[in-house]
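Everything below concerns the one structure shown next.
The values are calculated or read from the model by the stated rules, or taken from the named source; none is laboratory data. Just so you know, these numbers come straight off a predicted model, no measurement behind them. When we count neighbours, we look across all protein chains shown, and the Cβ atoms used for this are built from the backbone with ideal geometry, even at glycine. Each accessible area value is taken on the protein alone, full model and side chains, heavy atoms only, with ligands, DNA and RNA left out. Shrake-Rupley method; radii C 1.70, N 1.55, O 1.52, S 1.80 Å.
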Amino acid sequence: MSAPVPSSAGASPGGLGLPEARWFWRRLYVYVASGVGWGLLTWAVARTPPQGLPAVAHGLMVLLGVTMVLYLVAPSAQQLAAVFAEMRLRLSVGGRR
C-alpha cells in the first residue's frame, strides 16, 4: 500500500476553490481590524474626558470579544458555501413540487 498523495497547498476540500484555504483572508481581516481598533482607541482616548474613559474601555473590550468570537468560532468560507449550496438545492427541490 502506498501513502496518500497530499493535495496542493492552494486546493480546498470539496473543490470549491475558495481563497480561505490558506487563511490569507482571515489573517488580512485580523490585521486590518487590529489596525483600525488601535486607531480608534488612540482617537477615542485622546478625545474622551477622564470620567468617560471607563465606558470607552468597556465598549472596546466588548468589541474585542465579538471580534475574537467571529474569528475563532465563525464558519469558514468553505462551510458557508456548502451550507448555501445545500439550501439552494433544498429550496429548488421544494419549489418544484
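Values computed for the structure shown
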| quantity | calculated |
| --- | --- |
| Which numbered condition Gln78 fails, given (1) more than 18 Å from Trp23 (Cβ to Cβ); (2) touching a residue at least 60 places away in the same chain (Cβ under 8 Å); (3) not basic (Lys, Arg) | (1) |
| Candidates Ser34, Ser12, filtered to the one that is of a type in the set (Gly, Ala, Ser), at pLDDT 80 or above, within 18 Å of the chain's Cα centre (by Cα) and open to solvent by less than 90 Å² (accessible area, probe 1.4 Å) | Ser34 |
| Number of positions in segment 42-93 that are open to solvent by less than 60 Å² (accessible area, probe 1.4 Å), farther than 22 Å from Phe24 by Cα and at pLDDT below 85 | 5 |
